[in-house]
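K.L.:
Structure in structure tokens, see below.
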Amino acid sequence: MHLFYNLSMFIKLIVLLIVLYLIAIYPDTSRKSRSSAYEKKFIAHRGLFNNKDIPENSLIAFRKAVENDFGIELDVQLTTDDKLVVFHDASLKRMTGVDKDLTECSYEELLTYPLLDTGEKIPLFEDVLKVLKPDTPLVIEIKAEGRYIETTRRTVEMMRGYEGLYNMESFNPKVVRYLRMNEPQIIRGQLSYNYLGDPNATVSKPIAFVLTYLMLNFLTRPDYIAYDVESSSNLSFLLMSKLFKAECVAWTVKSKEQFQEKKHLYQCFIFDSWLPDNKDLEI
């Protein structure tokens, strides 16, 4: 009898943990219809670039994306003089050759550092918005570097008068939480990937586990999950896609073959390194 009692308690404990896990990762699925425009166009990762004569996150890359009728994904950071600029890396080194963090620079200083020795400069976010059409789906990633909450706040303020399509996302759950609590009208996304398998991850193993398995969704309740297409076998992501029927965004699709392989798991696709056809999204 004692054995059966212990077994019963163990089963109840396992069931409780499963229920708590499902509650923890559950996203907000009530506003999926607002993402429909993003499902009809491929989203150009950092614009339509080749990192030769057309650098990523440059005005020319964004113009090319608009000309080809793609949506746009971009990265926003804040300079020391409170200018919102569009740039991906924490360091300027890869794109400008200067070994310095962007958040340590003023905008005037950034103007002296051309992108990949081209004539393109790191653009102001407000100038990028002028390039877009109202029907261009825009995905704004708030970078976790520097004053990320202030970056979020200023980005929200800049978007108040914007009439086009946009949403906001971040790898940092604190940013997504801020949007949930202070700007609930904005569609928000949680970015993630396999932190546990990344030797360059800068977080501890316990935090990496929590972020990989989306276990802070109970705090952020994201409208969509933007998950690394290479990590799509992750249990939490599969539950998002198959059980919860959440809006799932693939990043970054590198070929038509990869798109075909993964399209059953995602509704929206961020791409680079190839030129997709929006008609493929209708199939």
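The values are calculated or read from the model by the stated rules, or taken from the named source; none is laboratory data. Quick caveat, the model's predicted, so the values are computed rather than measured. Reconstructed Cβ throughout: ideal geometry from the backbone, glycine too, with neighbour counts over all protein chains shown.
K.L.:
Quick test of your reading of the structure: residue 39 fulfils all but one of (1) of a type in the set (Asp, Glu); (2) farther than 25 Å from residue 222 by Cα; (3) in contact with a Cys (Cβ under 6 Å, 6 or more places away or on another chain). Name the failing condition by number.
P.N.:
(2)
K.L.:
Can you name every residue in the stretch 53-76 that is out of contact with any strand residue (DSSP E or B) (no Cβ under 6 Å at 6 or more places or on another chain), outside any helix (DSSP H, G or I), surrounded by 24 or more Cβ atoms within 10 Å (Cβ to Cβ) and not acidic (Asp, Glu)?
P.N.:
Within the stretch 53-76, 55, 58 meet the criteria.
K.L.:
I'm checking my understanding of the structure. Among residues of the stretch 111-134 that are of a type in the set (D, E, K, R) and touching a helix residue (DSSP H, G or I) at 6+ places or on another chain (Cβ under 7 Å), which one is surrounded by the fewest Cβ atoms within 10 Å (Cβ to Cβ)?
P.N.:
Going through the qualifying residues, I end up with 133.
K.L.:
Something else now. Take the stretch 176-193 and flag every residue that is free of Cβ contacts under 8 Å to residues at least 60 places away in the same chain, touching a helix residue (DSSP H, G or I) at 6+ places or on another chain (Cβ under 9 Å) and not β-branched (Val, Ile, Thr).
P.N.:
Passing the criteria: 177, 178, 179, 180, 182, 183, 188, 192, 193.
K.L.:
Counting only residues that are basic (Lys, Arg) and in contact with a helix residue (DSSP H, G or I) (Cβ under 9 Å, 6 or more places away or on another chain), which one in the stretch 54-93 is farthest from residue 278 (Cα to Cα)?
P.N.:
Top of the filtered list is 83.
K.L.:
Restricting to the stretch 244-283, name every residue that is more than 20 Å from residue 33 (Cβ to Cβ) and of a type in the set (Phe, Trp, Tyr).
P.N.:
251, 259, 271, 274 - these are the residues of the stretch 244-283 that are more than 20 Å from residue 33 (Cβ to Cβ) and of a type in the set (Phe, Trp, Tyr).
Yes/no per residue for (1) assigned to a helix (DSSP H, G or I); (2) surrounded by 14 or more Cβ atoms within 10 Å (Cβ to Cβ):
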position: 141; (1), (2): no, yes
position: 155; (1), (2): yes, yes
position: 162; (1), (2): no, no
position: 177; (1), (2): yes, yes
position: 191; (1), (2): no, yes
position: 200; (1), (2): no, no
position: 207; (1), (2): yes, no
position: 210; (1), (2): yes, yes
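K.L.:
Specify the residue that is surrounded by the fewest Cβ atoms within 10 Å (Cβ to Cβ); the eligible residues are those in the stretch 164-175 that are of a type outside the set (S, T, N, Q) and outside any loop (DSSP other than H, G, I, E, B).
P.N.:
That would be 174.
K.L.:
Go through (1) at pLDDT below 95; (2) in contact with a strand residue (DSSP E or B) (Cβ under 9 Å, 6 or more places away or on another chain) and name the single condition residue 201 misses.
P.N.:
With (1) at pLDDT below 95; (2) in contact with a strand residue (DSSP E or B) (Cβ under 9 Å, 6 or more places away or on another chain) applied to residue 201, the lone miss is (2).
K.L.:
Does the stretch 216-235 contain at least one residue that is in contact with a Gly (Cβ under 6 Å, 6 or more places away or on another chain), surrounded by 19 or more Cβ atoms within 10 Å (Cβ to Cβ) and part of a loop (DSSP other than H, G, I, E, B)?
P.N.:
yes
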